[in-house]
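The values are calculated or read from the model by the stated rules, or taken from the named source; none is laboratory data. Predicted, not measured: the structure shown is a model, and the values here were computed from it. In this analysis, Cβ positions are derived from the backbone assuming ideal geometry, glycine residues included, and neighbour counts consider all displayed protein chains. Only protein heavy atoms, including side chains, enter the accessible area calculation; ligands, DNA and RNA are left aside. Shrake-Rupley method; radii C 1.70, N 1.55, O 1.52, S 1.80 Å.
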Amino acid sequence: QQQNAQFKIIDVRTESEFNTGHILGAINIDWNTKKNDLLRLSKTDTILIYCRSGRRSRLAMDFMKENSFNYLFQMDGGLLQWQKEFKTLTPSPTNEI
């Protein structure tokens, strides 16, 4: 499988949710108000999408797939699940995705 050097983490929560805490390095693109901004991302990048619980990220991933994005992943359970498992918003070698 081809390795892709470009990897982006996209947080599709609202700006106020994002500002309460997010995964280090994440880019905020609000699904509710700015979903078309997702289409400005490179279709060749590997993209991980997350939200609070997984609902918006699933919608965003479907939307991007419909628009020819191929390298998409979403975080099952969203930040709620991440924080249960890792107790932090900072990725580390033990919780690399």
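Think of a 1.4 Å ball rolled over the protein heavy atoms: the chain then has 63 Å² of accessible area per residue. For residue 21, the shell of other residues with beta-carbons less than 13 Å away shows a net charge of 0, using +1 for Lys and Arg and -1 for Asp and Glu. Lysine pair count for the chain (Cα-Cα distance under 25 Å; residues 8 or more apart in sequence or on different chains): 11. Ordering 75, 64 by accessible surface, largest first, gives 75, 64; the 1.4 Å probe counts only protein heavy atoms, with every chain in place. Charge tally around residue 30: other residues with Cβ under 11 Å, Lys/Arg +1 each, Asp/Glu -1 each, net 0. What the pair-distance distribution of the chain shows, using all Cα-Cα distances binned every 10 Å from zero, is 16, 52, 28, 3 percent. Pop out the carbon and sulfur fraction of the accessible area of the stretch 20-71 as a percent, whole number, probe 1.4 Å. Result for the stretch 20-71: 46 percent of the exposed heavy-atom area is carbon or sulfur.
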